[in-house]
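To start, the structure under review is shown below, and the notes come after it.
Derivation of every value follows stated rules applied to the coordinates shown; laboratory data play no part. Bear in mind that the values here come from a model prediction, so they are computed numbers and not experimental data. Here the Cβ positions follow ideal geometry from the backbone for every residue, glycine too, while neighbour counts run over all protein chains shown.
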Amino acid sequence: MNGQLSYDSSETNWMKNVIKEDEITRYMENGKDFIDDEEIWKKIERNKAPEPQKVRDILQKSLAVETLEPDETAALLNVEDEGLWEEMFETAGEIKRKVYDNRIVTFAPLYCSNLCVNNCLYCAFRRENSVEKRRRLTLQEVKDEAEVLAGEIGHKRLIAVYGEHPASDANYIADTIRAIYDVKVKTKNGYGQIRRVNVNASPMSISDLEMLRDVGIGTYQVFQETYHHETYQQVHPAGTLKSNYPWRLYALHRALDAGVDDVAIGVLFGLYDWRFEVMGLLFHARELEKRFNGIGPHTISFPRLEPAANTPFTHESKYKVSDRDFKRLVSVIRLSVPYTGMIITARERADIKKDVIPIGCTQTDASTRIGIGAYSDRYSEQEAERQQFILGDTRSLDEIIGELAGMGHITSFCTAGYRCGRTGEHIMKLLRCGQEGRFCKLNAVLTFREWLDDFASEETKKAGEKIIKKELDEIEEQTPSIYQPSIYPKLMEYYKRIEDGERDLYF
Ligand code: SAM
Ligand code: SF4
């Protein structure tokens, strides 16, 4: 183990059994993983100064919702002309609308524990950060958090987040997922419930992931942080579990093999060159598609390194990404993996989110608190020593929904797709041919109606009503060309029943 880190015997014993070598090697080809650093740089170099026509041809391929080839993404990353970047932003937005229409999904993170055996240089939860106040929520406390989120704010989706530690192993994660699904609270006109629990946690074994599948895990997220092997070793000190690059790289292969249908990838931008990392994400998406019958990442996340308490690395990194490059990288991810969901988080400031959401984002968190127990403890502002990093956007869900409505986006609380088996391979096909949007539009209207009636302020309600009216008119107009004639009357029946207090009606 790392000389500077000390563990007690139960931690040491637990750590010895986490990584299963054969659940890494079985996926490798000739003993190698699928990220070839040298090859990535060669591709970036080889595609310097692409012809505008070549770039436009690539954009047509993205518009056809086809995953790009690495040389094509490398060409986009090399564009220098500002006008051509503008065309890329526009096309990225067009693809977003084609695949996901004007919908955006909101969720909240629920940090369950910040105990951690790792020592990632960029994270306030790292082992040797002695100023961090450590805590693992009890199951009752997890429920208390979920009650605030579902009953007072109106969230329907959470992402539960955990440090890597024996106290927050797969058994604890499974218990917390169950506890969250158990919560049902009365609201103004109906009741609130969390209908989908996604998880951001460390890589696990296939058998642990099977247990999480059985308790109804939503999407399982593991960010590689950096795909660059050497940088990976520098920021994840030797001897820690997280220092094992391939164990992490194949985490989602194991998840899919365990029957967890929706998996999510991501990079912590700011650890290494952003263009290399975008290539890494593309290689990861293509590898998953190749191995798992076309199932690529359900979502891609692109957090930027944020300041964190007593964590000097977050200021010192020479690869921090500027706002200009951030917008560029978001557009190239959208163009390269056109079907995928893309998550922008409250790490980003409100003005950045407003600028970047229209070019490709499909999900954002809101009313975000990332301290352990922060929702039910009700501390209002951020407390650096209780959280993993400092947030850029602490606005309420109500404020964010109001702003999104003003921008023409409908916030969808729909989780029906997952509950009707529209996951994995099935959802990938629907997304690629633009069909998922039809069900989603109906369910977006119904779930938004619920939320407006239960939680919206008067101002947000006004903005929301306008969007709902526009959506209903569109659905009526598209009957029978897109929707079967029976759909619209059924939609209106559900709509009325929701206004009368019924909940959770969906297509
Ligand atoms: N402990 C698990 C792991 O490492 O996989 C769970 C993830 S951690 C609690 C959630 C994510 O936060 C990390 O994967 C990392 O990308 C991100 N993160 C960590 N430190 C950060 C920082 N200073 N700024 C922004 N994001 C950070
Ligand atoms: Fe632990 Fe995850 Fe933070 Fe690393 S990023 S120190 S593994 S919580």
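Worth a mention:
- Relative exposure of W274, W14, judged by other C-beta atoms within 10 Å (fewest first): W14, W274
- 3J(HN,Hα) along the stretch 189-196: 10, x, 9, x, 8, 8, 9, 8 Hz, from the Karplus curve 6.51 cos²θ - 1.76 cosθ + 1.60 with θ = phi - 60°, whole Hz, x for Gly and Pro.
- Each principal axis of the Cα cloud of the stretch 104-173 was evaluated for its coordinate range; sorted largest first, these ranges are 37, 28, 22 Å.
- Rounded to 5, percent antiparallel among DSSP beta bridges of the chain: 15 percent
- Taking 30 Å as the limit for the C-alpha separation, the pairs K143/K188; K133/K320; K61/K441; K184/K429; K466/K490; K96/K156 exceed it in the case of K184/K429.
- Computed over the stretch 430-499, the quotient of the alpha carbon radius of gyration and 2.2 N^0.38 Å is 1.16.
- Just so you know, the Cα atoms of the chain work out to an Rg and Dmax of 22.1, 69 Å.
- Computed magnitude of the charge dipole of the chain (debye, nearest 20; Cβ of K, R +1, Cβ of D, E -1): 620 debye
- Listed by chain and number, the aspartates and glutamates whose C-alpha is less than 18 Å from the C-alpha of K54, apart from same-chain residues fewer than 8 away, are E45, E66, E69, D71, E72, E80, D81, E82, E86, E87, E90.
- Over 26 Å between alpha carbons, listed pairs K16/K290; K290/K318; K318/K353: K16/K290; K290/K318
- For the stretch 132-248, the fraction of alpha-carbon pairs in successive 10 Å shells from zero, as %: 13, 38, 30, 15, 4, 0
- Of T91, V55, I35, farthest towards positive along the dipole that unit charges on Lys, Arg, Asp, Glu beta carbons give the chain: T91
- The length gained by stretching the chain between N189 and E316 to full extension, at 0.36 nm per residue less their Cα-Cα distance, is 40.7 nm.
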